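These notes concern the structure reproduced below.
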There are 2 protein chains.
Amino acid sequence: MLQDQHYLRIPGPTPIPPSVQRAMAQPMIGHRGDETSELLLSIKPMLKKVFGTKQDVLIIAGSGTSGLEAAVVNAVKPLDEVLVIVSGAFGERFVKICKAYGIKVHTYDVEWGKAFDPEDVRDFLQYFPMVKAVFATYCETSTGVMNPVDQLAKTIKEVSDALIIVDGVSCVGGVETKMDEWDVDMMVTGSQKAFMLPAGLTFIAASNRAWAVIDSNPNRGFYLDLKKYKENLDKNTTPFTPALSLLFGLEDALKLMEAEGLTQVYARHALMKEMTRAAFRAHDIPLLADEENASDTVTAVQPEDFDAELLRKVLKQEFGLSVAGGQGHLKGQIFRVGHMGYCSPADVLQTISMMEIGLLKIGKKIELGKGIAAAQQIYLAKGEDN
Amino acid sequence: MLQDQHYLRIPGPTPIPPSVQRAMAQPMIGHRGDETSELLLSIKPMLKKVFGTKQDVLIIAGSGTSGLEAAVVNAVKPLDEVLVIVSGAFGERFVKICKAYGIKVHTYDVEWGKAFDPEDVRDFLQYFPMVKAVFATYCETSTGVMNPVDQLAKTIKEVSDALIIVDGVSCVGGVETKMDEWDVDMMVTGSQKAFMLPAGLTFIAASNRAWAVIDSNPNRGFYLDLKKYKENLDKNTTPFTPALSLLFGLEDALKLMEAEGLTQVYARHALMKEMTRAAFRAHDIPLLADEENASDTVTAVQPEDFDAELLRKVLKQEFGLSVAGGQGHLKGQIFRVGHMGYCSPADVLQTISMMEIGLLKIGKKIELGKGIAAAQQIYLAKGEDN
């Protein structure tokens with residue numbers, strides 16, 4: 001097989017654009033000098049647009065989980081009651097983080113593969129008036145479901161003034177995010193998904209309501225204390241040594257997104273979802289998430305008559321194509337195809353063409369080219385240039 | 001459109017593997033130090049295998065044309081008679097170089113899109129006993145034809161003892177080359193094709209017969225004087241400053257080829273040709289070269305009912321896909337799809353899937369997915385793992 005070639009179609013980390021690679025290879029600079037301040041000044045306004053917020057988006061050197069933990073330690077006090085909406089592995093992660101801090105956790109469990117219903121959350125909260133924060137996942141990476149976080153605040157506000165804290169790790173940057181308009185109080189994401197960067201940065205923004213809580217919280221930890229990041233960012237600096245290469249890359253990646261246009265970036269992700277889903281539907285292969293809740297960034301496929309793990313193995317061996325397996329109780333039951341960040345409709349077509357060969361190789365009887373044709377038709381019907 | 005993404009499917013320059021890019025980014029070294037000698041020592045045996053020769057393969061910093069010129073100035077004297085077999089734009093280039101040196105050129109013209117017949121060359125040479133060298137093109141990049149250079153020496157030797165000088169630029173490294181076994185006297189190629197490197201290096205090897213002529217040639221120019229390169233390479237050095245970054249890359253590219261296995265590299269190129277041709281045949285789109293003479297590295301397509309240039313424009317605009325146009329009198333009449341070097345069967349499938357969309361976009365009525373299915377079938381029938 002052709003060496004040194006890999007097709008990375010997992011739901012993050014995602015491939016890195018060449019110009020971002022070049023940007024990250026720049027010589028190191030002093031982290032307390034003007035160059036670093038100029039870099040932060042250049043990044044700040046672009047990051048706000050992606051989050052749909054007027055608030056500062058704070059940048060922490062750490063993976064996405066450190067951002068989720070930052071949300072917890074800053075906005076919640078030990079012994080506070082919180083509600084975590086759990087619809088997959090990343091909902092569960094919020095539970096674990098809260099429990100590690102002695103926070104009293106109520107969980108609202110949603111069947112994996114389904115989205116939560118904001119009205120159910122409201123009904124749940126009526127019985128728990130002491131809940132100080134509601135944790136939700138925007139795109140649940142483990143199931144390929146996009147949850148209606150846009151509806152959450154307006155639905156629950158009659159019964160609760162809990163903060164709404166959203167894990168946007170596997171979609172912010174690839175799907176429209178209007179933190180301010182949706183009244184989301186904290187939004188967290190990571191660099192290794194729709195931002196087209198390696199893992200290593202987490203981004204977090206807080207509403208005025210959230211800042212009021214943070215300001216009054218006496219125990220915000222040390223490294224993840226968001227007030228430190230906020231006060232420093234106001235002076236175009238950072239509380240601790242920033243991951244400068246990743247910031248070089250972030251500036252470049254944001255410029256690529258602006259050059260494409262954020263509206264076009266979101267339309268491309270929606271198109272890639274539709275193409276991917278159409279291809280599997282054409283072969284009568286079931287998808288885990290319903291049409292209306294399907295994520296624009298990752299598609300979970302739930303085969304009935306072939307072995308997901310065997311397909312993954314064959315695709316890796318045959319083409320160097322990586323797709324993700326299932327997590328938790330869905331391990332072995334599903335596989336997940338990422339289509340986010342540095343990924344184009346043409347890359348989706350290529351993934352499907354490999355997938356079809358892989359399916360035949362593992363003995364599933366399919367008509368070659370049928371999934372491709374379905375995806376091509378979607379492209380032609382909805383393509384940007386039409 | 002997703003920024004910073006390009007699908008380069010012209011017949012060279014070709015995409016560069018990431019590890020080759022990293023190798024080329026190594027810090028500069030002294031060109032007269034041990035590191036450079038070690039680099040040359042590492043490259044030498046690998047390059048010989050690719051050429052199928054026991055002779056040293058000389059490395060010149062220059063594009064392929066400098067290698068062709070080196071063959072001319074070293075092996076031919078002014079006023080010598082030569083025969084150039086012209087079956088495309090690169091045959092014509094040999095004519096121009098020879099004429100620039102006052103060499104008496106006979107041309108044997110072959111219809112563009114056809115291969116030469118060694119027996120016709122033999123018949124031609126019977127009338128020109130003074131011909132000192134025959135220039136032939138292995139893969140004619142401008143037409144996608146692979147000429148039977150393997151048969152040339154054994155066919156003409158009854159009537160001529162001319163040196164056989166072969167331009168292998170767009171195929172050596174991607175197709176089997178047995179310089180010694182085929183009795184080829186000089187073989188030339190460039191770095192930007194099957195070698196997966198940027199342009200900037202040309203490789204040239206000469207037989208004992210050719211070296212005898214070179215040794216007796218008093219006017220070999222200066223920079224392209226092959227004796228200088230040979231004498232220096234024997235001492236693991238170079239006559240002039242070598243293009244060190246490209247040599248770093250060359251070492252890595254050759255290692256990638258060895259890791260894949262040269263037999264597998266050649267099988268992959270043959271497979272990619274068959275897949276590409278099957279796809280166009282499935283859509284009844286005519287190909288310029290016949291089945292038996294078609295190049296493993298580049299396919300020329302000759303549309304009857306659509307505009308090749310319009311298709312190329314749409315593919316570039318829509319996907320960032322570059323395929324090449326025609327050269328010389330075939331300009332506007334054909335387009336050429338490269339499938340060589342850092343290119344896999346999955347990349348061929350992707351190219352076809354974009355091509356099908358492009359064809360529909362310019363108004364050609366085709367059945368989507370049909371070309372893909374044909375190429376997938378070829379893959380499954382002939383794929384490496386079968």
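Checked against (1) in contact (Cβ under 8 Å) with a residue 12 or more places away in the chain; (2) surrounded by fewer than 17 Cβ atoms within 10 Å (Cβ to Cβ); (3) outside any helix (DSSP H, G or I), A:Glu309 meets all criteria but (3).
Considering B:Ser66, B:Ser87, B:Ser37, the condition of being open to solvent by less than 10 Å² (accessible area, probe 1.4 Å) and either among the polar types (S, T, N, Q) or over 23 Å from the mean Cα position of the chain (by Cα) (or both) is satisfied by B:Ser87 alone. Determine whether the range B:171-184 contains at least one residue that is buried (at least 20 other Cβ atoms within 10 Å of the Cβ), modelled with pLDDT under 95, within 9 Å of the chain's Cα centre (by Cα) and within 18 Å of B:Ser66 (Cβ to Cβ). No, the range B:171-184 contains no residue that is buried (at least 20 other Cβ atoms within 10 Å of the Cβ), modelled with pLDDT under 95, within 9 Å of the chain's Cα centre (by Cα) and within 18 Å of B:Ser66 (Cβ to Cβ). Per the listing B:Glu81, B:Glu111, the residue uniquely open to solvent by less than 40 Å² (accessible area, probe 1.4 Å) and farther than 25 Å from B:Leu197 by Cα is B:Glu81. Residues to consider are A:Pro45, A:Pro27; find the one that is open to solvent by 20 Å² or more (accessible area, probe 1.4 Å) and within 14 Å of another protein chain (Cβ to nearest Cβ). On inspection, the qualifying residue turns out to be A:Pro27. Remark: A:Val298 matches the filter, which requires a residue to be surrounded by 23 or more Cβ atoms within 10 Å (Cβ to Cβ) and more than 13 Å from chain B (Cβ to nearest Cβ).
To keep it simple, each residue is scored yes or no on (1) assigned to a helix (DSSP H, G or I); (2) in contact with a helix residue (DSSP H, G or I) (Cβ under 9 Å, 6 or more places away or on another chain).
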residue: A:Met196; (1), (2): no, yes
residue: A:Ala212; (1), (2): yes, no
residue: A:Pro218; (1), (2): no, no
residue: A:Tyr229; (1), (2): yes, yes
residue: A:Pro239; (1), (2): no, yes
residue: A:Gly249; (1), (2): yes, yes
residue: A:Glu258; (1), (2): yes, yes
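The set of residues in the range A:204-219 that are buried (at least 18 other Cβ atoms within 10 Å of the Cβ) and either touching a strand residue (DSSP E or B) at 6+ places or on another chain (Cβ under 9 Å) or charged (D, E, K, R) (or both) comprises A:Ile204, A:Ala205, A:Ala206, A:Ser207, A:Ala210, A:Val213, A:Ile214. Please work out if A:Asp290 is acidic (Asp, Glu), in contact with a Lys or Arg (Cβ under 9 Å, 6 or more places away or on another chain), under 16 Å from A:Glu140 (Cβ atoms) and surrounded by fewer than 23 Cβ atoms within 10 Å (Cβ to Cβ). It is true that A:Asp290 is acidic (Asp, Glu), in contact with a Lys or Arg (Cβ under 9 Å, 6 or more places away or on another chain), under 16 Å from A:Glu140 (Cβ atoms) and surrounded by fewer than 23 Cβ atoms within 10 Å (Cβ to Cβ). With respect to the conditions (1) away from chain B (no Cβ under 14 Å); (2) out of contact with any Phe, Trp or Tyr (no Cβ under 9 Å at 6 or more places or on another chain); (3) over 27 Å from A:Ala324 (Cα atoms), A:Arg93 lacks only one, and its number is (3).
The residue pairs whose first member lies in the range B:316-345 and is without any contact (Cβ under 8 Å) to a residue 60 or more places away in the chain, whose second member is of a type in the set (Ser, Thr, Tyr), and whose beta carbons are closer than 7 Å, counting only pairs six or more residues apart or on different chains, are B:Lys316/B:Ser322.
Looking only at the range A:249-258, count every residue that is open to solvent by 10 Å² or more (accessible area, probe 1.4 Å) and over 13 Å from A:Lys49 (Cβ atoms) and tell me the total. The qualifying residues number 3. In the range B:138-152, the qualifying residues are those that are open to solvent by less than 10 Å² (accessible area, probe 1.4 Å) and outside any loop (DSSP other than H, G, I, E, B), and the one that is nearest to B:Glu258 (Cα to Cα) is B:Cys139. Restricting attention to the range A:317-335, the residues that are part of a loop (DSSP other than H, G, I, E, B) and either open to solvent by 20 Å² or more (accessible area, probe 1.4 Å) or within 14 Å of another protein chain (Cβ to nearest Cβ) (or both) total 6. On the stretch given as the range B:336-386, residues that are more than 12 Å from chain A (Cβ to nearest Cβ) and buried (at least 24 other Cβ atoms within 10 Å of the Cβ) total 3. When the range B:259-274 is filtered for residues that are more than 9 Å from chain A (Cβ to nearest Cβ), open to solvent by 50 Å² or more (accessible area, probe 1.4 Å) and not polar (S, T, N, Q), only B:Ala267 remains. Please tell me if B:Ile165 is open to solvent by less than 20 Å² (accessible area, probe 1.4 Å) and touching a residue at least 60 places away in the same chain (Cβ under 8 Å). Against the criterion (open to solvent by less than 20 Å² (accessible area, probe 1.4 Å) and touching a residue at least 60 places away in the same chain (Cβ under 8 Å)), B:Ile165 qualifies.
Okay, residues lined up against (1) farther than 22 Å from B:Pro148 by Cα; (2) in contact with a strand residue (DSSP E or B) (Cβ under 7 Å, 6 or more places away or on another chain):
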| position | (1), (2) |
| --- | --- |
| B:Leu287 | no, yes |
| B:Asp296 | no, yes |
| B:Lys316 | yes, yes |
| B:Phe319 | yes, yes |
| B:Ser322 | yes, yes |
| B:Tyr342 | yes, no |
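Of the listed requirements (1) closer than 25 Å to B:Phe195 by Cα; (2) assigned to a loop (DSSP other than H, G, I, E, B); (3) within 14 Å of another protein chain (Cβ to nearest Cβ), B:Ala289 misses just one: (3).
The values are calculated or read from the model by the stated rules, or taken from the named source; none is laboratory data. Not measured: the values here are computed from a predicted model. Because the Cβ atoms are built from the backbone with ideal geometry, glycine has one as well, and the counts that use them run over all protein chains shown. Side chains included, ligands, DNA and RNA excluded: accessible areas come from the protein's heavy atoms. Shrake-Rupley method; radii C 1.70, N 1.55, O 1.52, S 1.80 Å.
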